[in-house]
Each structure stands twice: as structure tokens, then as C-alpha cells.
Amino acid sequence: MAILPPDVSPDDFAAALRQFAGAVGEEWVLTSDEDLAAYRDHYSPVPLAEEELLPSAAVAPAEVEQVQEVVRIANRFRIPLYPISTGKNFAYGGPAPNLRGSVVVDLKRMNRILEVNAERNFALVEPGVSYFDLYRYIQERGLKVWIDCPDPGWGSPVGNTLDRGIGYTLGFYRDHVAAQYGMEVVLPNGELMRTGMGAVPNGRAWQEYKYGFGPDPSGLFAQGNFGIVTKMGLRLMPQPEHWRTGLVTVPKRRDLGPLINTVNYLTDLFMIGEPWYGSPLRALLGNTEFYEAATRRGGVNEDELDRLAAQAGLHSWQVELQFYGSERTTLANWEYAKELVSRNIPGARIVDGESLPVPLTREQIEQTTGPYPTNMRRNVTQGVPSLGIWKNLGRTEAFPDTWAQGHIGLFAVIPRSAEAVFEAQQVFGDTLREMGMRTSITAVSTPVNWYQFCFLFSAGFSTGGGDFGATPEGKARVRDALKTLLLKAGERGWGEYRAAPYFQDDVANEYSFNDHALRRFNETLKDAVDPNGILAPGRGGIWPRRFREGRA
Amino acid sequence: MTRASKAVAALAVAAALAGPALAQDAALVERGRTVFAHYCAPCHGPGRGDDGAPMLPGTHALHLKYRGEKPALLEERDDLPAPVLKTFVRYGVASMPPFRKTEVTDEDIEAISAYLAASAAARRHE
């Protein structure tokens, strides 16, 4: 399977590998087919094998100085590098590079937790540390701080943050880039830089003030290709004493507007954790009359949906709220939420949920029989990393022998309003059904509120074995559907928040205001700081000059 | 005492009686137990899965695959020698992605295999 880096001769590549071995040790320059198989994107949506994003080699430094030396060698031979942290960014490329033939810089061996401070509430970690590692470190020491982890939790806080990943607790913490406080970065020329107060020699508040003085370049390293981050500070949520939940349901379709506005108010006053929206009407999707009403092309008849909901005795929408704090403050906030809902939405139903001291016991986390059926994922709402979400992939009772191997999708950033939700339901649903794609998007689909100040509306597909599109034709259909959806979303003024390498140019193309002024600015910077174009070419849709003609 | 620690404890006692060779085995099994707990057990361990799932995802997948012909729990399997384990670990299988040498070394895989064999043997003698 030997692949060369683009524009690099076999002799030069062999010489570079020898120099990499001198930098990191021969054992940690990986070139065999068996070693490189583990750097493939196991869930690759790429239809054709010859287009798959495979590396030419991997190198695995254990120290910052080794990373610097690897970068210097890559410059010498003009070899593209692609850094990974724990390599678990599945559905977004996993450990595979952005550009075929790149050398993966595998940072997993840089796995030190340098500090967890439970009085000033922060951590400083290297990229190879996983959420599991950080959680176990905190638990073993009995520290009273929480991590905010994505789902699944085997990824890296550094890597997840650098892909603008999200979590599930309070708004500030679940926006992982917001909770990033200070970086150490190996620049494309091999130089070492620290951001924020880390730029002050012996800076003593690195994880407490992230801006420093003058422009803060830390944003360039998220979904970018301007450096290799070797340390990162993370703000940690103090462990609350109590967790409380409650359910609100509203009867009519148009009630989604005041419901969202009420929840926005509570959210932006920082009174609630992540709200989980849903619709009780999903229970009716097996009913032909309701399904047709909820998927009517060109727009649904709201009176018809309200009538069918009333006939079934169901409300149209629901939101599960959660409160972190003390027993008394969570109660006060929930009572206030109930008062607002009653004031703003006639006919709303309000149900008290759980009220539990924190930390929850393992039995309480596994508890599934609360006052009402819940959609909340309980581990992550408690800052507990898990791999349990893989229950959505692989063999299931329904498909014991043909299974979904992986998934891929898009998450469009839409405004936090009912009008935007209704529009997204129709645009995404109609587009996919017109393309003959199997989709669960209907007029009762709801967004996620991972980022505090926007909604993400998703369309996802399985890739993998059996009936789930593992064939080149199946993958090509998924690719075409996603690309079509991206265009439709762009026409409506929506963009994606994140993308797998295979779709990053398409997503970047949506951000085209003033003849791609943003991309031109980023690429001007790229050419200035990485003139050899060695660092993650194409990541974030940013191509260095030497590869720019290859842009999709 | 958990099944895992029973397996390790049994080997440690045997090692004390039988000398350096078995002590090496005990160290290998202990290493395997640690690596398994870190990398494998979150998906292939015992207990319930998330949010009402009856088992953890990897255990559930093997339960559906073997339907009782083989144990769903890897810690009850004595038919996973290191070369077999290595194929699954390095190449992945079904929805399980591969694991790289930077995560689980070849020596770790040997150790996991030894641990699974010891754990399965301990379970048989329970």
C-alpha cells in the first residue's frame, strides 16, 4: 500500500524517514501496512479506495522538542504533516490525514496531565490525554471538579477542542473552545509559542486569562492549520452539590416559538444546563396518516398536525431542563422556570423530574425509570465519559447480522428560533426525500442546543455493512446527499459548524461573503507562516499556495 | 473481589510458590488487566450500557453475534491468542475501529491475551 507524500521523491522520503527516526526513535516511525492500517478512517465515506485519505507514514513524538524536530525535517523535505491527538475524531476523519500521502504526527504518546487545580478550577494537559484519562485522574484524587466530555469520551480534550467539539453541561463549559484557556503551539517553522498569559515568561495565570495582550491567535488553531498544539489549558466546572431536572410540554405546533424563547431566556441568564428538545408526536410516526402529514412536501399544514396531536392526546413539543447548583438554588431556578412557562405558554404541562445530590451513584446514572421518559444521556450530563453511545452502531436486536459500521452527517448552524427549526425541517426533509434517501427528518424533528447561543440541525447517515451503504454506490449516494444539503443550507444562510475532511472544502465554500474574503485572509496568513505548506494542507478549507489548485 | 483481581491473585499466589517464570506470567497478566480496563472494558466490560441498554456496546455486539455459542464477555474467552487479538485490534472489526501502536503496543496485546486467558480460567473455577 506504499504511498508517497505529494511531490516527494522515494529517495527524499526515505531520507526523511531516517531523520524522523533520529528525532523520535526508530520504533516510533511507523510505515508497515499493518501499522498504517490503524491510521485509516474506519468510517470513511469515500467511495473509491484510490481516493481514500491514507497516510504515507506516521511518526509519534513523546516530547515537545521532538515535535519541533519533526516539523523542521518536514520543512526540509516539504512533506505535509497531519497532527492527531488521540485519533478518535470519528465521523470527522478519525486518525486519517486531510491530504492523501501526508505523514501523521501521532501525539498520543504525549499524554501527561500537567496540572489539575480544584481551587481555581482548571487543568493543563497534553494532546494525548483522553477524557477518560482526565476523569480517572480527577476521581482517583477525589478532586471536586468536573470535566465536560463529548460522547463518546475516548477522544482528547485538546483534539476535541481544536475541532470545536462540544459537551453536555453548562453552556460555557460545553463550548470547548470557549473553555480553552491557554495554548502551547509548535509553529510551522518549528518555533515554540505560548498564547495568553503563557507568553509572559513564567506567567502565573496562564489558565485564568486567555487573551494576554494584543491579538489572541488561539482561534487560528481550531479547525485550522497554523501550528501543532502541544499543551492546552481547560476551564473545569466546580462539582455542583445538586442536579435537578424537569419537563415542559406544550400542546400546539406554534407553541414551539414561546417555548424556545423562554428557554433562551433561562439559558442566557446561565440558569440551566443543556436543554434537550423533543416531540411527543414522534410516537405517531408509525401511523400512515400522521407520517404523511409530517412529511408533506412544500410545507406542513399546521392545523392538520395540531388536530392529529389532539386526537392522539399528545402535546406537540417538549423540552427537558436541567439545573446544576445546590438543592435550594436548583429548586428556586426550576420554580422560576415553571412560573415563566405558565406565564408565556397557555396549556403547557410541567412535570417535576429528578432531584439528586451530586455526584450521582452509578445506580442513579443507570436509572431509567424517572417521573417521565427521558431523552437525556445521563453519563455526559454528569461529566462522566462513556463509550455507551456505540449502542447506536454495530449489531442491534433489529439488525443482528447487518449493521451500521459508522455514521456521517452534517450539523447546520441555524438561529435559535421556531421559524428556523420549521424551515430546516422542511428544507432538509424535502431535499432528502426528493433524492430518495432514507431520512428520519420530519416536521417533528428538533435541533440540539450544544452551543449555547445557536441551534444545530442535523442530518445523519449510516455507513457500513449490510443494508447501510458500505458499497461504493451507497457511499456515493450519501456523499451526493450531503453535498446537496450543504448547498441548500448555504442558500438559506446556514453553514456547518464542523466537517469531515472529505467535505471541508464544500463547507468552507459556504462561508463566501465578499468573494471569500475570510478564506483569502486565512490563506494569506497560511502562506506567511507556513511557506512550504507542510502543516495539514486543506484543513478547515485552508490550502497553502502549493496545493491550492487541488481545492475541491 | 472482582473476577479480574481473583485471576491476578490466583496467579500471584502460584507465582510465589513456583518461582520466576510464573512471576513473569503474573506480571504479564496484571499488565493485561490494566490495559484491558483502560482501553477495552468501557465497551467490552460487564454491566449495563448507557441509558437503558442491557449491556455495554461491545459485549452486546458479541452477544448478538454468538447467541450463546461463545461468551459475550471477552474476560470469559480463552480462545483469543495474541495473533488473533492483534488482528482485531490493529484492523478493527464491524463498528470497532483499529487501535494504533501508540495506544496499545504489541506487548500490551500479548498481555491482554494472557489476562483474558487467566480471567476465563478463574471464571471456570468459580
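The values are calculated or read from the model by the stated rules, or taken from the named source; none is laboratory data. These figures come from a predicted structure and were not determined experimentally. Don't worry about glycine lacking a Cβ; one is built from the backbone with ideal geometry, like all the others, and counts go over all protein chains shown.
A quick yes/no check of all residues on (1) over 30 Å from A:S85 (Cβ atoms); (2) at pLDDT 95 or above; (3) within 13 Å of chain A (Cβ to nearest Cβ):
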{"position": "B:L74", "(1), (2), (3)": "no, yes, no"}
{"position": "B:R77", "(1), (2), (3)": "yes, yes, no"}
{"position": "B:L80", "(1), (2), (3)": "no, yes, no"}
{"position": "B:V84", "(1), (2), (3)": "no, yes, no"}
{"position": "B:F99", "(1), (2), (3)": "no, yes, yes"}
{"position": "B:E103", "(1), (2), (3)": "no, yes, yes"}
{"position": "B:D106", "(1), (2), (3)": "no, yes, yes"}
{"position": "B:Y115", "(1), (2), (3)": "no, yes, no"}
{"position": "B:A122", "(1), (2), (3)": "yes, no, no"}
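Only one residue in A:F172, A:F122, A:F90 is out of contact with any Lys or Arg (no Cβ under 7 Å at 6 or more places or on another chain), farther than 24 Å from B:A37 by Cβ and among the aromatic types (F, W, Y), so which one is that?
Residue meeting the stated conditions: A:F172.
Of the residues that sit in the stretch A:99-114 and are without any contact (Cβ under 8 Å) to a residue 60 or more places away in the chain and more than 12 Å from chain B (Cβ to nearest Cβ), which one is surrounded by the fewest Cβ atoms within 10 Å (Cβ to Cβ)?
By that ranking, first place goes to A:R112.
What residue, of A:L236, A:L269, is of a type outside the set (G, A, S), more than 30 Å from A:V103 (Cα to Cα) and free of Cβ contacts under 8 Å to residues at least 12 places away in the same chain?
From the options A:L236, A:L269, the qualifying one is A:L269.
With the requirement that a residue be in a loop (DSSP other than H, G, I, E, B) and touching a Ser or Thr at 6+ places or on another chain (Cβ under 9 Å), what does the stretch A:272-297 give you?
A:G273, A:E274, A:P275, A:S279, A:L285, A:T295, listed by residue number.
How many residues does the stretch A:65-98 hold that are within 13 Å of chain B (Cβ to nearest Cβ), aromatic (F, W, Y) and buried (at least 24 other Cβ atoms within 10 Å of the Cβ)?
So the answer is 0.
Any chance the stretch B:53-69 includes a residue that's free of Cβ contacts under 8 Å to residues at least 60 places away in the same chain, farther than 30 Å from A:T361 by Cβ, not in a helix (DSSP H, G or I) and not small (G, A, S)?
Yes - at least one qualifying residue is present in the stretch B:53-69.
Please go through the stretch A:22-63 and pick out each residue that is of a type outside the set (D, E) and surrounded by fewer than 16 Cβ atoms within 10 Å (Cβ to Cβ).
A:G22, A:G25, A:S32, A:L48, A:A49
Among A:D7, A:D11, A:D41, A:D33, which is the only one that is over 30 Å from A:K231 (Cα atoms) and either among the β-branched types (V, I, T) or within 14 Å of chain B (Cβ to nearest Cβ) (or both)?
Testing whether each residue is over 30 Å from A:K231 (Cα atoms) and either among the β-branched types (V, I, T) or within 14 Å of chain B (Cβ to nearest Cβ) (or both) leaves just A:D33.
Within the stretch A:168-175, is there a residue that is within 14 Å of another protein chain (Cβ to nearest Cβ) and crowded, with 24+ Cβ neighbours inside 10 Å?
Taking every residue of the stretch A:168-175 in turn, at least one turns out to be within 14 Å of another protein chain (Cβ to nearest Cβ) and crowded, with 24+ Cβ neighbours inside 10 Å.
Tell me, please, whether a residue that is away from chain A (no Cβ under 14 Å) and surrounded by 15 or more Cβ atoms within 10 Å (Cβ to Cβ) can be found in the stretch B:54-61.
no
Output the number of the condition that A:I389 fails; it satisfies all remaining conditions of (1) away from chain B (no Cβ under 13 Å); (2) touching a helix residue (DSSP H, G or I) at 6+ places or on another chain (Cβ under 7 Å).
(1)
Which number in (1) away from every other protein chain (no Cβ under 12 Å); (2) under 11 Å from the mean Cα position of the chain (by Cα) marks the one condition that B:E69 misses?
Only one criterion is unmet by B:E69, namely (2).
Only one of (1) away from chain B (no Cβ under 14 Å); (2) within 30 Å of A:L482 (Cα to Cα); (3) outside any strand (DSSP E or B) is not met by A:L410, so which one is it?
(3)
Mind checking whether some residue in the stretch A:145-165 is surrounded by fewer than 24 Cβ atoms within 10 Å (Cβ to Cβ) and over 27 Å from A:H407 (Cβ atoms)?
Scanning the stretch A:145-165 turns up at least one residue that is surrounded by fewer than 24 Cβ atoms within 10 Å (Cβ to Cβ) and over 27 Å from A:H407 (Cβ atoms).
Looking at A:V341, A:V300, which is the one that is at pLDDT 95 or above and outside any helix (DSSP H, G or I)?
Only one candidate passes the filter, namely A:V300.
Residue check: is A:R477 among the basic types (K, R) and under 25 Å from A:N89 (Cβ atoms)?
It is true that A:R477 is among the basic types (K, R) and under 25 Å from A:N89 (Cβ atoms).
Just to be sure before I move on: is A:N89 under 22 Å from A:V186 (Cα atoms), in contact with a Phe, Trp or Tyr (Cβ under 7 Å, 6 or more places away or on another chain) and at pLDDT below 95 in the structure I sent?
no
What residue, among those in the stretch A:243-271 that are basic (K, R) and not in a helix (DSSP H, G or I), is surrounded by the fewest Cβ atoms within 10 Å (Cβ to Cβ)?
A:K252
Here's a check for you: in the stretch A:341-367, which residue that is over 24 Å from A:Q239 (Cβ atoms) and surrounded by fewer than 19 Cβ atoms within 10 Å (Cβ to Cβ) is nearest to the other protein chains (Cβ to nearest Cβ)?
Filtering the stretch A:341-367 for residues that are over 24 Å from A:Q239 (Cβ atoms) and surrounded by fewer than 19 Cβ atoms within 10 Å (Cβ to Cβ), the one nearest to the other protein chains (Cβ to nearest Cβ) comes out as A:V351.
Any idea which residue in the stretch B:42-53 is nearest to the chain's Cα centre (by Cα), counting only those that are surrounded by fewer than 21 Cβ atoms within 10 Å (Cβ to Cβ) and at the interface with chain A (Cβ under 7 Å from one of its Cβ atoms)?
B:P42
Could you grab the pairs with beta carbons closer than 8 Å, sequence gap of 6+ or different chains, first residue in the stretch A:437-454 and closer than 26 Å to A:T267 by Cβ, second one of a type in the set (S, T, N, Q) and assigned to a loop (DSSP other than H, G, I, E, B)?
A:T442/A:T295; A:A443/A:T295; A:V444/A:S279; A:V444/A:S316; A:S445/A:S279; A:T446/A:S279
Return the residues of the stretch B:88-97 that are buried (at least 22 other Cβ atoms within 10 Å of the Cβ) and modelled with pLDDT of 95 or more; say none if nothing qualifies.
Matches in the stretch B:88-97: B:V89 only.
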